[in-house]
Amino acid sequence: MIQENSRLLGLLSEEQKADLISLEKQFAHHLEYTIGKNKYTVKNEDIYKALGHTVRDFLIDRLNLTDERYRKTNPKKVYYFSLEFLMGKTLSNALINLGLYDIVSEMIKGFGLELAEVLEFEMDAGLGNGGLGRLAACFLDSMATLNVPGFGYGIRYDYGIFNQIIANGQQVEMPDHWDADGVPYEVIRADITYSIGFYGYTETKISGRGRTEHDWIPAETVLAAAHDCPIPGFNTSTVNYLRLWTAKSSEEFNLDYFNHGDYMRAVQDKSISENISKVLYPNDTTEQGKELRLKQQYFMVAASLQDILLRHKQAEGTYKNLAEKVAIQLNDTHPSIGIAELMRVLVDQENWSWEDAWDLTTKIFAYTNHTVLPEALETWKVSLFERLLPRHLEIIYEINFRFLEWAKAKNVLSPDEISEVSVIQEGAEKRIRMANLAVIGSHQVNGVAALHSELITTTIFKSFYKLFPEKFNNKTNGITPRRWLIQSNPSLSYLIQKKLGPKFATNLSELKNLEAFVKDKEFKADWIKVKKTNKDRLAKLIKSETGISIDPNSLIDTQIKRFHEYKRQLLNVLRVIAVYRRIKENPNITVTPRTVIFGGKAAPGYYMAKLIIKLINNVAQVVNHDPDVADRLKLVFLPNYRVSLAESIIPGSNLSEQISTAGTEASGTSNMKFMLNGALTVGTLDGANVEMLEEVGEENIYIFGLKTPEVFALKEKGYRPQDYLEANSELKRVLLMIRENFFSPSEHGIFNPIYDSLVYQDSYLLLADFAAYDSIQDRIASDFLNEDSWTEKSILNVARVGKFSSDRTIREYAEQIWKVPLLEAPSPKTKYGFPLVQS
Ligand SMILES: *Cc1c(COP(=O)(O)O)cnc(C)c1O
């Protein structure tokens with residue numbers, strides 16, 4: 001390490017040395033004056049905080065320069081509306097993108113510390129559930145890197161996704177007070193607040209000009225206050241921002257009570273209105289229709305639109321050209337109430353005609369769909385809307401009425417199809433279908449992988465597709481290579497950089513040049529060494545987090561993602577049980593040593609997902625303590641899966657499990673992260689796996705199982721899980737072990753619901769795919785023993801991952817949907833590239 005460092009110091013130019021000195025000054029200033037410490041009282045955590053403030057200064061400099069540039073050139077801007085941003089840690093990423101990593105790591109060494117240790121003090125910003133929120137975070141990184149004038153809008157939840165602990169094998173949720181010690185990099189915009197109305201009633205009157213005018217008189221108002229997270233691009237001077245809103249009670253609301261002398265009531269109500277931004281809803285893919293959740297959605301959207309409109313009016317003096325200057329992307333339907341809100345502002349407040357307002361609104365919004373599971377499509381009771389947002393309900397009815405008249409006149413839909421495209425779902429309790437509102441109010445609707453985008457036009461949005469096929473398009477997801485390679489896997493990125501130079505960091509397709517080295521002995525040896533380093537590190541992490549010792553030379557086989565039945569973690573653990581049985585039946589059997597890792601959270605109210613977590617932990621107890629197994633099989637559940645944990649697990653994995661029932665996973669993005677880090681994939685033809693196969697070639701990926709049309713056909717003809725049990729005696733015995741409490745000797749019957757759901761329903765066709773999964777896993781186990789050919793496949797996976805950079809995705813959105821420019825930005829002052837030192 002020391003040698004590496006002195007080598008680096010020798011590399012610093014005079015200018016860099018000067019930067020190092022001024023950085024140290026700034027840092028010392030923050031340590032003393034911002035944090036308030038001296039040499040007697042300073043703790044390692046203070047070093048982290050002072051570093052955070054030092055980096056913040058750099059970010060603010062560039063944020064201001066970027067702002068000035070946008071003011072002068074006045075480009076069209078894009079606003080990414082999302083109720084979730086799963087940012088993870090910010091500082092390490094900022095250091096890399098700003099090009100400061102190396103000199104800051106030198107500076108920290110001056111305190112006798114490693115930078116990595118210091119960065120550990122930062123809490124993950126877990127303001128999202130999973131893939132959808134992480135996508136938003138990757139998109140922000142790519143927009144800044146490509147110099148797209150693009151900004152995120154969301155909510156600054158006091159509590160992010162819950163912390164998961166495992167007690168007696170079960171998930172227990174703990175509050176995630178992520179900002180308890182302050183967030184050093186954020187910029188509080190005390191002067192930017194908007195007031196947001198709720199409840200109340202509407203009034204209609206005829207104006208002097210004979211126009212019917214509508215007014216909404218809210219009964220409650222809450223203030224939205226802005227907090228900005230600077231988003232630095234990589235190797236560019238552009239710094240955009242993510243603006244997050246917190247709820248503050250509005251003074252006019254409280255004064256009412258103060259005036260009546262009810263001080264306690266006023267203070268209580270203050271905290272009630274501040275509840276809006278208290279906590280992220282921990283549901284992945286299924287919605288639960290709670291009032292506070294709808295309040296969060298409207299709060300976020302109304303504040304963001306006011307902010308955008310005010311800025312535009314100040315610059316342009318009119319909304320007439322709004323669509324030439326503003327594009328808004330809706331990340332799922334969660335912010336789709338924005339469509340009705342913009343109509344309300346234009347029609348009720350700006351007195352526009354309905355037709356002009358609608359024309360403008362639909363030019364501004366575009367909608368990204370994230371699921372084809374019908375139970376996950378968001379709907380709200382009309383009665384709730386009527387109470388909370390009475391004027392928006394009227395507007396939605398008007399939008400729907402005009403749309404249905406237009407649709408009927410087109411004469412391409414049957415009466416049943418007309419009721420299918422209606423925003424209103426009829427029935428005992430009328431509901432509003434947010435997806436229908438989003439489709440009708442947007443000029444473009446996209447899915448997130450080729451298969452998914454195709455599926456939405458043949459299933460959930462089939463009738464809409466008949467009405468306006470040109471609205472539908474695909475934007476295959478991507479991930480940012482800055483976080484998911486350079487930051488998470490410095491050893492691999494260093495090796496690649498030695499061969500190819502640094503261009504892959506912003507043009508991931510450059511990695512294709514690695515193919516030239518696929519037969520190069522020395523390169524392969526280096527590749528193996530890097531993977532081994534990462535596996536050793538992962539083994540240490542597993543030991544410290546769970547107490548389990550694993551063999552770092554074993555096949556490290558990983559499934560990390562939210563727990564959901566469609567993702568089929570249960571299929572994976574069924575096979576683990578089958579392998580365990582084989583070893584027990586035949587203790588001398590040779591099997592490739594394997595470590596099966598799981599990580600992921602279940603929604604707190606998702607009974608079956610939590611039971612599957614419990615099953616994995618119970619099976620692990622048995623398998624890991626059985627001397628007959630003798631280290632040939634280990635099962636690990638790593639608690640509290642989150643972005644920073646993903647960054648540690650993925651580089652150390654050999655095999656990536658992407659085994660959802662074909663046709664259920666919209667895209668997946670962890671599949672891409674593993675590919676980028678040289679893991680091979682075992683997967684179904686689902687989501688972006690389909691495109692990964694196209695890119696990497698069938699010899700370099702393990703595809704198994706039913707394909708989407710086969711899944712549909714099987715369900716159509718009537719799926720009978722018992723047929724598959726009768727045909728597979730081993731599978732039958734595996735299920736009986738679960739049923740007969742082999743893994744629950746002191747908890748009889750707890751896993752019966754799992755057994756019953758598989759045998760009598762099996763909605764996600766685990767039993768139908770089991771044999772194919774089992775046999776491909778056997779092939780993988782034997783292929784892994786051939787280290788040379790496994791390594792070649794690993795190199796080819798990385799060489800052919802280029803398509804899955806979120807830079808490619810953002811280019812497509814910018815060109816095809818947003819019509820915003822990729823600007824030229826001045827080169828950054830600090831330009832030292834990414835970490836040279838292997839940390
Ligand atoms: C990438 C990521 C996800 C998405 O994983 P999928 O396997 O694509 O569902 C979820 N959570 C975290 C923390 C991630 O980093």
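Looking at the range 753-798 only, could you name the residues that are free of Cβ contacts under 8 Å to residues at least 40 places away in the same chain, part of a helix (DSSP H, G or I) and of a type outside the set (Gly, Ala, Ser)? If the condition is that a residue be free of Cβ contacts under 8 Å to residues at least 40 places away in the same chain, part of a helix (DSSP H, G or I) and of a type outside the set (Gly, Ala, Ser), then Tyr755, Asp756, Val759, Tyr760, Asp778, Asp783 are the ones that fit.
Among the conditions (1) buried (at least 20 other Cβ atoms within 10 Å of the Cβ); (2) in contact with a Leu (Cβ under 8 Å, 6 or more places away or on another chain); (3) closer than 30 Å to Thr90 by Cβ, Gly663 misses just one, which is (3).
Conditions tested, residue by residue: (1) crowded, with 17+ Cβ neighbours inside 10 Å; (2) modelled with pLDDT of 95 or more; (3) in a strand (DSSP E or B).
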site	(1), (2), (3)
Val172	no, yes, yes
Ala190	no, no, yes
Tyr194	yes, yes, yes
Lys205	no, no, yes
Gly208	no, no, no
Val222	yes, yes, yes
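Can you name every one of the strands (runs of 3 or more DSSP E) wholly within the range 41-132 that holds 2 or more residues which are within 16 Å of the ligand (Cβ to nearest atom) and at pLDDT 95 or above? Walk me through it before giving the result.
Values: elements: 77-81, 85-88, 125-127.
Passing ranges, in order: 85-88, 125-127.
Only one of the numbered conditions (1) in a loop (DSSP other than H, G, I, E, B); (2) without any contact (Cβ under 8 Å) to a residue 60 or more places away in the chain is not met by Lys529, and that is (1). Within the range 67-91, restricting attention to residues that are closer than 25 Å to Phe365 by Cβ and of a type in the set (Val, Ile, Thr), the residue that is farthest from the chain's Cα centre (by Cα) is Thr73.
Counting only helices (runs of 4 or more DSSP H) that sit completely within the range 623-699, those holding 3 or more residues that are more than 10 Å from the ligand (Cβ to nearest atom) and not basic (Lys, Arg) correspond to 689-696.
The set of residues in the range 502-526 being of a type in the set (Asp, Glu) and touching a residue at least 12 places away in the same chain (Cβ under 8 Å) consists of Glu510, Glu515, Asp526. Being surrounded by fewer than 17 Cβ atoms within 10 Å (Cβ to Cβ), closer than 28 Å to Ser805 by Cβ and among the charged types (D, E, K, R) is a description that applies to Lys532.
Quick check on Lys503: is it under 27 Å from the mean Cα position of the chain (by Cα) and surrounded by fewer than 16 Cβ atoms within 10 Å (Cβ to Cβ)? Yes; evaluated as a whole, the condition is true for this residue. The test for being among the β-branched types (Val, Ile, Thr), at pLDDT 95 or above, surrounded by fewer than 22 Cβ atoms within 10 Å (Cβ to Cβ) and more than 16 Å from the ligand (Cβ to nearest atom) does not hold for Ile155.
Just one of the numbered conditions (1) farther than 19 Å from Ile328 by Cα; (2) part of a strand (DSSP E or B) is not true of Gly154: (1). Across the range 581-598, the number of residues qualifying as over 33 Å from the mean Cα position of the chain (by Cα) and surrounded by 23 or more Cβ atoms within 10 Å (Cβ to Cβ) comes to 0.
Could we say that Asp307 is assigned to a helix (DSSP H, G or I), touching a residue at least 40 places away in the same chain (Cβ under 8 Å) and surrounded by fewer than 22 Cβ atoms within 10 Å (Cβ to Cβ) here? Yes, satisfied. Residue-level check: of (1) farther than 23 Å from Ile703 by Cβ; (2) free of Cβ contacts under 8 Å to residues at least 60 places away in the same chain, Ile750 misses just (2). The test for being more than 20 Å from Asn786 (Cβ to Cβ), part of a helix (DSSP H, G or I), away from the ligand (no atom under 13 Å from the Cβ) and not polar (S, T, N, Q) does not hold for Leu706. Any idea which residue in the range 544-568 is farthest from Lys614 (Cα to Cα), counting only those that are away from the ligand (no atom under 15 Å from the Cβ) and assigned to a loop (DSSP other than H, G, I, E, B)? Once the filter is applied, the top-ranked residue is Asn553. Within the range 414-443, the set of residues being part of a helix (DSSP H, G or I), of a type in the set (S, T, N, Q) and crowded, with 17+ Cβ neighbours inside 10 Å comprises Asn436 only. Once the range 134-146 is narrowed to residues that are within 14 Å of the ligand (Cβ to nearest atom) and more than 13 Å from Leu242 (Cα to Cα), the residue that is surrounded by the most Cβ atoms within 10 Å (Cβ to Cβ) is Leu135. Of all the numbered requirements in (1) crowded, with 21+ Cβ neighbours inside 10 Å; (2) more than 16 Å from the ligand (Cβ to nearest atom); (3) closer than 20 Å to Asn654 by Cβ, Ile577 misses one, and that requirement is (3).
Of Thr318, Thr333, all but one fail to be under 27 Å from the mean Cα position of the chain (by Cα), assigned to a loop (DSSP other than H, G, I, E, B) and at pLDDT 95 or above; the exception is Thr333.
The values are calculated or read from the model by the stated rules, or taken from the named source; none is laboratory data. Computed from a predicted structure; not experimentally measured. Neighbour counts run over all protein chains shown; Cβ positions are idealised from the backbone, glycine included.
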